[in-house]
Amino acid sequence: MSAQGSPYAAGPPSGRDRKTPKGANSLRRMSDRLECWLRRALMVVLVFGLPVVSVGAGLTAYRASLDTVRAQTADRHQVTARLTSSISSANGWAERTAQVRWTDTNGIMRTGAARVKPGTPKGATVRVWVARGGTVTGPPTTTLNATTSGWMVGGMAAFGVAAGCCAAWAGLRLVLDRRRYAQWDADWNQVEPQWSARFHP
């Protein structure tokens, strides 16, 4: 066997022997590369952006609620008031609005409407919350409410980021798939006449 016909003959390597550069794929379209890049970007947003956004939103809401707690605690206080009329218990056990009377720190007699239990007799003492201006109000917000608000806002922010990423991914896939189908149709319109001609004499 001659050296020319020998499988071990020296010569340029065949195309099969050449190493393909990493990431180089002749079948990979631009849309495939774009999809890969955007998928990585969305993963970065989920891994790093989601915790930052959720923690930041939660802390902001917690601090704002805590400021409200401090303001309401400074503005409101409890007083002992007397009921000016009896409350019947004939219509159930739900609290009802009734008129009460108390004396403020300046010695001024004040009246207001407060929620009291049914069956409370006239002249009974009840504890009510009043604002600095002398109006009956509800109890101040507690730190537990502030903590709950922070967790809820943080959770909603995390859900919003995750939902946004999922929506972006779904929209991206929809757009790219439509582009691929259109390209496939265009390519097939070019190839189909050649394939059809092979089966006709």
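The values are calculated or read from the model by the stated rules, or taken from the named source; none is laboratory data. Just so you know, these numbers come straight off a predicted model, no measurement behind them. Every residue, glycine as well, gets a Cβ built from its backbone with ideal geometry; the counts of neighbours run over all protein chains shown. For the accessible areas, the whole protein counts, side chains as well, though only heavy atoms, and no ligand, DNA or RNA atoms are used. Shrake-Rupley method; radii C 1.70, N 1.55, O 1.52, S 1.80 Å.
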Quiz item: Hey, what D do you get for the range 26-117 in µm²/s if you plug the Kirkwood alpha-carbon radius into Stokes-Einstein at 20 °C and 1.002 mPa s?
Solution: 109 µm²/s
Quiz item: How far is the Cα center of the range 116-132 from the Cα center of the range 34-52, in Å?
Solution: 57 Å
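Residue 148 to residue 78: FRET efficiency via 1/(1 + (r/R0)^6), r the Cβ-Cβ distance, R0 22 Å, to the nearest 0.05?
With a Förster radius of 22 Å, E is 0.45.
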Quiz item: Ignoring ligands, DNA and RNA, what accessible area per residue does the range 96-167 give at 1.4 Å, in Å²?
Solution: 61 Å²
Self-check item: Sites residue 39 and residue 64 - FRET efficiency at Förster radius 25 Å, r taken between beta-carbons, to 0.05
Solution: 0.10
Self-check item: Where only alpha carbons of the range 70-189 are counted, the Rg and the Dmax (Å)
Solution: 29.5, 95
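Roughly speaking, what is the stretch gain from residue 169 to residue 71, that is 0.36 nm per residue apart minus the C-alpha to C-alpha distance, in nm to one decimal?
Value of the extension gain: 30.9 nm.
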